[in-house]
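Undergrad: One structure coming up, written as structure tokens, with questions to follow.
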Amino acid sequence: MVFDKEWFEKNQKILLFLLNFFLTKRWFRWILRITKQDIGYTEKIYHIYPHAYSVILKDKIFFEFRTHNKYAKRLYYSFYYLWIFFHGIDIIFNSFRLPFSFGFDTFTFTPQGATTTDGTARYQSSELTYASIVAASGTSAQNSNAEDSICTLGTNGTTNLFNLLIRGIYTFDTTILINYGGTIAATFSVMIDSNSIRFGGTSFNVVSAFPASNTNIVASDYSNLGSVAFSTIAQASINSSGTAYTDWVLNTAGINNIFEGGITGFGVRDTWDITANFTGTWSGSTANDLRGFFADQSGTTQDPKLTVVTALMPVTIPGANIFIQRNTVGY
């Protein structure tokens, strides 16, 4: 397909030239929404993928992953009429059997990632005790909301009973990490735009997630999240401006959860949820609610991301003379 991994590899030299050449890098990074807040304009981009990019930082490589094909999506929509033009030219060339093609003979493109997704699984039904709602089966899921509750606990009217619990789920294609020397550090980030503190407040934790499908969250995935906290942030410390990321810096267990060679899943649960112990002050007809943006949010500066720092394996970097001993940290 157009703008898939193979297309990016085939056109890697051109893409990197535009991303790094001093006359084009600001413009082209703006096109792809690689912003000053990400890496700025001085660092050289080493590799670009449909859903990620990498930068060399001394003896380490910095990766930024998205839950969808962000950079492929930007190329598609930013230059849509140009691609259509090339597609028309290729059709004409093919009709006359001319031995030339721009590579747009077919023009099939999937803007959202074909291998990953983000969204939530929830229980929302009858009122239950807290222990029962934690252990219940999910009743629904969402994969396509632009902005929604990420982690929520809600009540109706019966004292000490709960009728709503939401858990966020995110998958990232981290296959490319298998080519590098082990993950040293990682951060999971979501942009939060609403933080309703009820019941006295809690903390929010990043945990493992193993949805039945990496591309489609379903109600049963409500039960497919881990209970070991990889990173914890107090609810009162959450940045809910809707303009800056809240960053969960992962501990060793979180780093080990990253699948170097496949799909990595993370979830968000509050502390009451992962301990199955509600220690807040119950109140009726309200919700302790953390809301934020998903990949379906318009634009590309608010979607969830996973940043990873790895050690370099013995590799030759294009445009540089670097050969570094493999670091086995994280193995």
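Undergrad: Any residue at all in region 80-97 that's modelled with pLDDT of 70 or more and on the phi > 0 side of the Ramachandran plot?
TA: No, because not a single residue in region 80-97 is modelled with pLDDT of 70 or more and on the phi > 0 side of the Ramachandran plot.
Undergrad: Does region 257-265 include one or more residues that are assigned by TED's automatic domain parsing to the domain that holds LEU177, within 18 Å of THR67 (Cβ to Cβ), among the acidic types (Asp, Glu) and out of contact with any strand residue (DSSP E or B) (no Cβ under 6 Å at 6 or more places or on another chain)?
TA: Checked against the condition, which is being assigned by TED's automatic domain parsing to the domain that holds LEU177, within 18 Å of THR67 (Cβ to Cβ), among the acidic types (Asp, Glu) and out of contact with any strand residue (DSSP E or B) (no Cβ under 6 Å at 6 or more places or on another chain), region 257-265 yields at least one hit.
Undergrad: Taking region 31-61 on its own, how many of its residues are among the basic types (Lys, Arg) and more than 21 Å from PHE172 (Cβ to Cβ)?
TA: Matching residues across region 31-61 total 3.
Undergrad: Moving to a separate point now. Condition test on PHE210, is it at positive phi and either among the aromatic types (Phe, Trp, Tyr) or under 21 Å from the mean Cα position of the chain (by Cα) (or both)?
TA: Judged against the criteria, PHE210 is not a match.
Undergrad: Sort out which residues of region 126-146 are under 29 Å from the mean Cα position of the chain (by Cα) and at pLDDT 95 or above, and write them in order of number.
TA: Correct list: ILE133, VAL134, ALA135, ALA136, SER137, GLY138, THR139, SER140, ALA141, GLN142.
Undergrad: For residues in region 155-179 being of a type outside the set (A, V, I, L, M, F, W, C) and crowded, with 22+ Cβ neighbours inside 10 Å, which is farthest from the chain's Cα centre (by Cα)?
TA: The extreme case among them is ARG167.
Undergrad: Specify the residue that is farthest from ASP118 (Cα to Cα); the eligible residues are those in region 27-59 that are charged (D, E, K, R) and in contact (Cβ under 8 Å) with a residue 12 or more places away in the chain.
TA: ASP59
Undergrad: State yes or no: is ILE14 surrounded by fewer than 19 Cβ atoms within 10 Å (Cβ to Cβ), of a type in the set (A, V, I, L, M) and in contact with a Lys or Arg (Cβ under 9 Å, 6 or more places away or on another chain)?
TA: It is false that ILE14 is surrounded by fewer than 19 Cβ atoms within 10 Å (Cβ to Cβ), of a type in the set (A, V, I, L, M) and in contact with a Lys or Arg (Cβ under 9 Å, 6 or more places away or on another chain).
Undergrad: Inside region 228-244, can you point out the residues that are closer than 22 Å to ARG198 by Cα and hydroxyl-bearing (Ser, Thr, Tyr)?
TA: Those that are closer than 22 Å to ARG198 by Cα and hydroxyl-bearing (Ser, Thr, Tyr): SER231, THR232, SER237, SER240, SER241.
Undergrad: Assess whether LYS36 counts as being modelled with pLDDT of 95 or more and outside any strand (DSSP E or B).
TA: For LYS36, the condition - modelled with pLDDT of 95 or more and outside any strand (DSSP E or B) - is not met.
Undergrad: Here's another thing I want to ask about it. Could you figure out which of (1) out of contact with any helix residue (DSSP H, G or I) (no Cβ under 7 Å at 6 or more places or on another chain); (2) outside any loop (DSSP other than H, G, I, E, B); (3) among the aliphatic types (A, V, I, L, M); (4) surrounded by 15 or more Cβ atoms within 10 Å (Cβ to Cβ) isn't true of VAL207?
TA: So the condition that VAL207 fails would be (1).
Each row is one residue, and each column tells you yes or no for (1) of a type in the set (A, V, I, L, M, F, W, C); (2) surrounded by fewer than 20 Cβ atoms within 10 Å (Cβ to Cβ); (3) free of Cβ contacts under 8 Å to residues at least 24 places away in the same chain.
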site	(1), (2), (3)
PRO211	no, no, no
SER220	no, yes, no
LEU225	yes, no, no
PHE230	yes, no, no
ALA234	yes, yes, no
ASP247	no, yes, no
ASN256	no, yes, no
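Undergrad: So which residues in region 121-137 are hydroxyl-bearing (Ser, Thr, Tyr) and closer than 20 Å to ALA212 by Cβ?
TA: TYR123, SER137
Undergrad: Still on this structure, please answer the following. Out of region 203-217, which residues are within 21 Å of GLU147 (Cβ to Cβ) and of a type in the set (Val, Ile, Thr)?
TA: Those that are within 21 Å of GLU147 (Cβ to Cβ) and of a type in the set (Val, Ile, Thr): VAL206, THR215, ILE217.
Undergrad: So which of PHE259, PHE293 is of a type in the set (A, V, I, L, M, F, W, C) and more than 23 Å from ALA212 (Cβ to Cβ)?
TA: From the options PHE259, PHE293, the qualifying one is PHE293.
The values are calculated or read from the model by the stated rules, or taken from the named source; none is laboratory data. A quick note: this is a predicted structure, and the numbers were derived from the prediction, not measured. Methodologically, a virtual Cβ is constructed for each residue, glycine included, from the backbone with ideal geometry; neighbour enumeration extends over all protein chains shown.
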